[in-house]
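Derivation of every value follows stated rules applied to the coordinates shown; laboratory data play no part. Bear in mind that the values here come from a model prediction, so they are computed numbers and not experimental data. Because the Cβ atoms are built from the backbone with ideal geometry, glycine has one as well, and the counts that use them run over all protein chains shown.
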Amino acid sequence: MNAILLILYAVAGAAYAVQFARRSFGTSRMATVLLVLAAFAHTFVIGMETMRLGHVPSASATSAISTFVWLLALSYLYVELTTGERAMGVFILPLLIALQTIPAFSPTLEPRSALLESPWFGVHVSSLLFAYASFALAAVLGITYVLQFKEIKAKHLGFFYARLPSLNVLDDMNLRAVKIGWLFLTVGLITGGIWASQLQPSGAMSFGDPKVFVALLCWAVYSFELYAQRAIGWRGRRAAWLSAVGFGIVLLNFVPVSYFFTTSHQF
Amino acid sequence: MQLLLVGVSHRTAPVELRERLDFSAKGVDRALTALAESPSHHETTVVSTCNRVELYVCCDDTDFARTAIERFLSDFHGIPSDQLTPHLYAKTGHDAVTHLFRVASGLDSLVMGEPQVLGQVKEAFGLASRLGCTGTLLNKLFHSAFAVGKRVRSETALSEGAVSVSYAAVALAKKIFGNLKGRTVLVLGAGEMGKLTAIHMQAQGIGRLIIASRTATHAATLADSIGGSAIPWTSLNTALAEADILITATGASAPIVSHALIAQTMKTRRQRPLFIIDIAVPRDVEASAGELEEVFLYNIDDLQTVVQENLSKRGTEASEAEKIVSEEVGKFLGWLNSRGAVPTVVALRHRFESIRQAELRRLEPKLAPLSPDARARVDEITRLIVEKLLINPTEQLKSISDADTVAAYSDALNRLFGLTSDESAEDVTLTIAGPARPAKKPVP
């Protein structure tokens, strides 16, 4: 199932690349249609899994990634359809495809455990996945901001200049994505804490786990970005860099930490 | 019916002649009314802009119509024909269609891909159409031209990128700030270039325009004429802190805006981006100011480079646009040629119908005893037979898009059915009605 989704995303990705390079209206619309199809199929797959398991599939690192890909695709589509800006697709799709390869090639069984029946678990995991999807968008917006900024500053108005929205729009969208992400990250961390304390009143699991530690680090980075923007006018390029760095940490948490370092906290 | 175009453009005539030929001063409607009285052609549209004056007409005899139009141009504008004729071009059929399509898509403009021309062509056609000077051919021709213009704009980048310094400045400002609504623009110097760029910025709906000049009265005059507020030179620092866009265009011989001044300003601005357009020669702003973070500094040379790049990009897009034009010309000519078959089709139908009527009249005495119901049935049956016989030839004729084939088929039909000759209907009735008779079975 996940392999088929990978193919669908790959086809949509190719269409986004073509429309970005050639900027023709026909391929632009086709790219969107293909991505909508992929996201629709993904919704179906996740819906089936949810019915089977009784909760959103996210209790193993692999299924959490698939759910994250799904959320990111939906969030991106929301942004594209509301703003009419397609240029970011060419940056988001490679990320979707790269992450989707993990569930496509290593299907794992979703562990069923009484631990996961708690409503806190659902809120915790889905808030965090949604926060990460927002941060992914923010990072892409940040990277495109920097690319465009460099072209304008260097007075070399080339490839990106002709294709990307204005710096101001990218900056605004970046901050909005960070704000939404930060909110969900905060909710996710708090519910995670409550859930953990219900399971193990000693709280022993929490802070020693690398995954929790890195998540808190993310929270610090994004909190600083929001604070710096308000207090010392760090908008534009600095905010863009912070978004990119923040999402770098998110990715680190998501893939290598989940698979190799953590013991108790696989998702 | 033939399409004919007679005109001058910036490619064939100097500006003095184009000015004298420009209809807009004397009234395009007057010209159209005068042209409508001429017997040399049927439909007319006059496209008159500062770069071209073109008359599109439909006529039967192109040579005759061409001479008439040349005489009209010379009389209407009072230009001796020996001064006018060498600059005129005349195109017919394929060439005329191609020409209009290229004009509408901006390929024939002075500035390649310039977008206003499509609107001007639309206006010209609209006027002619309101005055009842256009018919089937020109209606279809101009609507196709609008479609071509639109296609070229949406499928190629022919009209993209600013091609004048002030537009390039506006385009850059939009890439930095997005919407310019509510932005503050500060202009230093009251010269022509600064004024022009400020006017372009104002057209984007900027919030505030501040003008400062060393000579306070100059600033006040400019502020009055284009709508802005003049400030004394001494309050430059405060204005800089507020501005999003700074346009410098003074005649100063040395830079008046230093790196240090901008650096100081950026601190008060809390790093809000500042776009500096230095269009003065010699430059007004120290080049090193452009190295400051969040400062975008473009001087006149930078903007001219942008314009040059855009122009060469348009040049490469032109071949794509030409492809679209020739594709659409093909489609239009296909339609036009298939229309060539229309008179033949009409004549053929007319002939068949008259045969039917004649036969019914001839059989009148025999049909008289029949009940009205039965007579109606006979009428219906014969009508259906004629219809059915004509369906295929009509469709075939209308589907041919190649002019020679249309002519050959029309010619054959004319001869076979004697469509053009004035022979008596009775003779034809006999020859045609004979073999057709076995088909007169009751219609199921």
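Contact order, relative form, for segment A:1-62: 29 percent (alpha carbon pairs under 8 Å, 6 or more residues apart, mean separation divided by residue count). Our summary gives chain A a relative contact order of 21 percent, counting only alpha carbon pairs under 8 angstrom and 6 or more residues apart. Taking B:S371, B:S312, B:S229 in turn, the Gaussian network model of chain B (Cα-Cα springs below 10 Å) assigns the largest fluctuation to B:S371. Helix B:116-130 and the longest principal axis of the C-alpha atoms of chain B enclose an angle of approximately 40°. If you average the C-alpha positions of segment A:67-107 and of segment B:334-394 separately, how far apart do those two centres end up, in angstrom? Cα centroid of segment A:67-107 versus Cα centroid of segment B:334-394: 66 Å apart.
Going by a ≥ b ≥ c, the root eigenvalues of the Cα gyration tensor, does chain A fall in the rounded group (a/c under 1.5), the prolate group (a/b larger than b/c) or the oblate group? Here chain A falls in the oblate category. From helices alone, chain B scores -19000 deg cm²/dmol at 222 nm; the rule is -39500 (n - 2.57) for each run of n ≥ 4 DSSP H residues, then divide by the residue total.
With Cα atoms as the point set, segment A:1-65 shows a radius of gyration and Dmax of 14.5, 45 Å. Would you kindly calculate the translational diffusion coefficient of segment B:303-395, applying Stokes-Einstein with the Kirkwood radius from alpha carbon pairs, for 4 °C and a viscosity of 1.567 mPa s, and quote it in µm² s⁻¹ without decimals? This corresponds to a translational diffusion coefficient of 70 µm²/s. In the Gaussian network model of chain B, springs joining C-alpha atoms below 10 Å, which of B:E123, B:E43, B:E291 carries the largest mean-square fluctuation? Highest fluctuation of the listed residues: B:E291.
Other residues whose C-beta falls under 12 angstrom from the C-beta of B:K313 contribute a net charge of -3, scoring Lys and Arg +1 and Asp and Glu -1.
The lysines whose alpha-carbon is closer than 23 Å to the alpha-carbon of B:K388, local same-chain residues fewer than 8 away aside, are B:K398, B:K440, B:K441. Loop-located trypsin sites (Lys or Arg not before Pro) across segment B:107-183 with a Cβ neighbour count of 10 or fewer within 10 Å are lacking, with loop assigned by DSSP. Here segment A:215-254 yields Rg over Rh of 1.00, to two decimals, using C-alpha coordinates and the Kirkwood radius. With N counted as the residues of segment B:233-362, its alpha-carbon radius of gyration over 2.2 N^0.38 Å works out to 2.43.
With distances taken between every two different alpha-carbon atoms, segment B:33-126 has a Kirkwood hydrodynamic radius of 14.2 Å.
For chain B, would you read off the P(r) tail past 32 Å as a percentage of all alpha carbon pairs? Result for the distance tail: 60 percent. Only Lys, Arg, Asp and Glu carry charge here, each on its Cβ (+1 for the first two, -1 for the last two); on that basis segment B:286-431 has a dipole of about 1880 debye about its Cα centre.
Here segment B:268-307 was treated as a single set of alpha-carbon atoms; its pair distances binned every 10 Å from 0 give 30, 52, 17, 1 percent. Within segment B:7-88, the trypsin sites (Lys or Arg not before Pro) that combine a DSSP coil assignment with at most 13 other C-beta atoms in a 10 angstrom radius are B:R11. As a proxy for reagent exposure, ranking B:H10, B:H99 by other Cβ atoms within 10 Å from fewest up yields B:H10, B:H99.
If you wrap segment B:350-411 in the convex hull of its Cα atoms and look at it from every side, the mean projected area works out to 4.9 nm². Taken about its Cα centre, the protein assembly as shown carries a charge dipole of about 1540 debye when Lys and Arg each add +1 at the Cβ and Asp and Glu each add -1 at the Cβ. Shape summary: segment B:64-104 maps onto an equivalent ellipsoid whose semi-axes, from the alpha-carbon gyration tensor, are 23, 11, 9 Å in decreasing order.
Normalised by the number of residues in chain B, the average gap of Cα pairs under 8 Å and 6 or more apart makes the relative contact order 12 percent.
For the residue pairs B:K122/B:K181; B:K26/B:K91; A:K179/B:K181; B:K26/B:K313; A:K179/B:K175; B:K26/B:K331, the C-alpha atoms sit more than 28 angstrom apart in B:K122/B:K181; B:K26/B:K313; B:K26/B:K331. Secondary-structure-derived ellipticity at 222 nm for chain A, considering helices only, amounts to -27000 deg cm²/dmol, per-run term -39500 (n - 2.57) for DSSP H runs with n ≥ 4. What is segment B:195-309 by shape, rounded, prolate or oblate, if you read a ≥ b ≥ c off the alpha carbon gyration tensor as root eigenvalues and call it rounded for a/c under 1.5, prolate for a/b larger than b/c, and oblate otherwise? The shape class here is rounded.
For the protein assembly as shown, treating each Cα as an identical point scatterer without solvent, what Debye log10 I(q)/I(0) comes out at q = 0.05, 0.06, 0.11 1/Å? With one equal scatterer per Cα and no solvent, log10 I(q)/I(0) is -0.45, -0.61, -1.15. Between segment B:173-239 and segment B:34-99, what is the separation of their alpha carbon centroids in Å? Spelled out, the Cα-based centre of one part sits 47 Å from the other. Once the Kirkwood radius over Cα pairs is known for segment B:295-351, the Stokes-Einstein relation at 10 °C and 1.306 mPa s delivers a diffusion coefficient of 101 µm²/s.
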